[in-house]
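Please read the structure below before turning to the comments.
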Amino acid sequence: MKTRRFLVPLVLLAVAPAAVAATEDPPPLEHRLETLESSLADLRQDFQTLFKMVEELLADKRGGESTGAEELAAAADTFETATSDLEAEQQKLAERVRANTATVEALSAAEQRRTQVSVYGTFNVIDAKEKDSVFDAEAFELVFSGQPHDRLGFFAEIEFERAAAVGSRRGGEILLEQAYATYSFSPAANFRAGVLLMPFGNFNVDHYAPNRDVISKPIVSFVVAPSDWTDNGFGFNGSFVAGDTWRFDYETYLVAGLDDDITALGTRNARQSFGSDNNNSKSVVGRFAFNRAGALELGLSGYSGKYDDDDRLGLTGWAVDGSFTHRRLRFTGEFNRFDAERLSGPDAVLEGYYGRLVLDATPAWLHRGWHGRAFPTARLALVAQVDRVRLEGPLDSAFVANTERRTTFGLNYWPSHNWVLKLNYEDSEATAAPLQKGDFRGYLTSVGFQF
């Protein structure tokens, strides 16, 4: 019959997408669900269109001829079966999607709450002229961090200096270097409170020993800005992007500040105990830096506050630092200065600088053979650094000046970014009292790691 010949192709066209989908490899779950929803809607639309066409055909039939009721019923049954199957499959997939979504959200929440633990440390061998050689497990540190919320985080760093032991005579110390909580408004504004590393000079900002190009701290970062310099306080930090290549970073905090133990030997003894303050004043410290695509960074730091017990004498400091990289050569330098007012006599002035050149001298053979296969990112660097400080201030009821200078040459081998072997030769000299090492000539070897 004409009606039957017309209905059968329409039914086959309607059910063909479902049949093809059943024979092909299933696509991803979300895509399958979207496809089924779309197919179901198309089938219902085709079903309605088919019925209208059939009704029009039947209306043209004359008496005595077949009305095509059987064909219409068969078509209806076919569409109903296909639609029911699709609805059942869609319901199953929807339930699976909801279950998977809940699982992913639960895993994501657990991952956010998980505390990250990392470690770093250094082991040094010191062989000085006319002195006994020394094995020095300088530091082993545990670093804890986490972000239980998109805008909330914490960070803590615990140092075990010189294999410190509690309750024994072996020496060293266990020190909480940093521990703070962060509330992030945006990348440009983050509130931070706790035990903070003071943002004064580029060395104190990045103080991790394995990252240093030389084994010993620069003298200026030891006696002028007393690294590792931490204090209790709170403040803000953040970053701004300017154009395609420039970034502006800042950190500024209100802290307890240094006390009045500032002498011609430096500021190290002026770091106060956590949870105490020798006066009612607080100090402001901050660093502002411009960075151009990682190749150039210029930083300016400042410090201001009262440091004596009576809140009368001011202590001000400033530092300028920079780092410049051109191809295989990198230059890093820093100058620090502090001025401390005194009740009588001249102000105490503590200042110094360091400058360092690092040449990437990685030979081609380092990336060949078994070594190249094991350590494809290995590198070798030559290092040269000069340090000098001059401190003028009170010492033993007198006003004296102390200077110390040092020259360092080194070779660093990095099989990967988280392990380094350093070989240094140091030559230092002090004009009066030793500030860091005094008169010293010798070789130093260090193994550093961070994982």
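Just checking, how many residues over segment 116-136 are in a strand (DSSP E or B) and either surrounded by 18 or more Cβ atoms within 10 Å (Cβ to Cβ) or free of Cβ contacts under 8 Å to residues at least 24 places away in the same chain (or both)? Let's see the steps before the verdict.
Taking segment 116-136 as the starting set, the residues that turn out to be in a strand (DSSP E or B) are 116-128, 134-136.
Imposing the further condition that a residue be either surrounded by 18 or more Cβ atoms within 10 Å (Cβ to Cβ) or free of Cβ contacts under 8 Å to residues at least 24 places away in the same chain (or both) reduces the set to 120-122, 124, 126, 134-135.
Residues flagged as in a strand (DSSP E or B) and either surrounded by 18 or more Cβ atoms within 10 Å (Cβ to Cβ) or free of Cβ contacts under 8 Å to residues at least 24 places away in the same chain (or both) within segment 116-136 amount to 7.
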Fill in the blank from the handout: Scanning segment 357-384 for residues that are among the β-branched types (Val, Ile, Thr) and surrounded by 15 or more Cβ atoms within 10 Å (Cβ to Cβ), the one farthest from residue 317 (Cα to Cα) turns out to be 362
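Being in the same structural domain as residue 433 (by TED's automatic domain parsing), touching a residue at least 24 places away in the same chain (Cβ under 8 Å) and over 18 Å from residue 339 (Cβ atoms) narrows it down to one residue among 257, 243, 299, 266; which is it? Before you say what the answer is, go through the steps one by one.
Details: 257 fails: over 18 Å from residue 339 (Cβ atoms); 243 fails: touching a residue at least 24 places away in the same chain (Cβ under 8 Å); 266 fails: over 18 Å from residue 339 (Cβ atoms).
From the options 257, 243, 299, 266, the qualifying one is 299.
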Exercise for the section: Please verify whether segment 333-356 includes one or more residues that are among the β-branched types (Val, Ile, Thr), surrounded by 14 or more Cβ atoms within 10 Å (Cβ to Cβ) and free of Cβ contacts under 8 Å to residues at least 40 places away in the same chain. Expected result: no
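Quick one: count up the residues across segment 313-331 that are farther than 17 Å from residue 379 by Cβ and not hydrophobic (A, V, I, L, M, F, W, C).
Within segment 313-331, residues that are farther than 17 Å from residue 379 by Cβ and not hydrophobic (A, V, I, L, M, F, W, C) number 6.
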Practice task
Would you tally the residues in segment 326-347 being farther than 11 Å from residue 224 by Cβ and in a strand (DSSP E or B)?
Solution key: 8
Practice task
Name every residue in segment 186-219 that is over 17 Å from residue 144 (Cα atoms) and of a type in the set (Lys, Arg), in order of residue number.
Solution key: 212, 217
Exercise for the section: Could you look through segment 416-451, keep only residues that are polar (S, T, N, Q) and touching a Leu at 6+ places or on another chain (Cβ under 9 Å), and pick out the one that is surrounded by the fewest Cβ atoms within 10 Å (Cβ to Cβ)? Expected result: 445
Practice task
Just name the residue that is surrounded by the fewest Cβ atoms within 10 Å (Cβ to Cβ) out of those in segment 306-326 that are under 18 Å from residue 263 (Cβ atoms) and of a type outside the set (Lys, Arg).
Solution key: 309
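Residue-by-condition table, conditions (1) surrounded by fewer than 18 Cβ atoms within 10 Å (Cβ to Cβ); (2) more than 14 Å from residue 199 (Cβ to Cβ):
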{"position": "224", "(1), (2)": "no, yes"}
{"position": "231", "(1), (2)": "no, no"}
{"position": "235", "(1), (2)": "no, no"}
{"position": "258", "(1), (2)": "no, yes"}
{"position": "262", "(1), (2)": "no, yes"}
{"position": "273", "(1), (2)": "yes, yes"}
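The values are calculated or read from the model by the stated rules, or taken from the named source; none is laboratory data. Note that the coordinates shown come from a computational prediction; the quantities given were computed from them, not determined experimentally. A quick note on method: Cβ atoms are made from the backbone with ideal geometry, for glycine too, and the neighbour counts reach across all protein chains shown.
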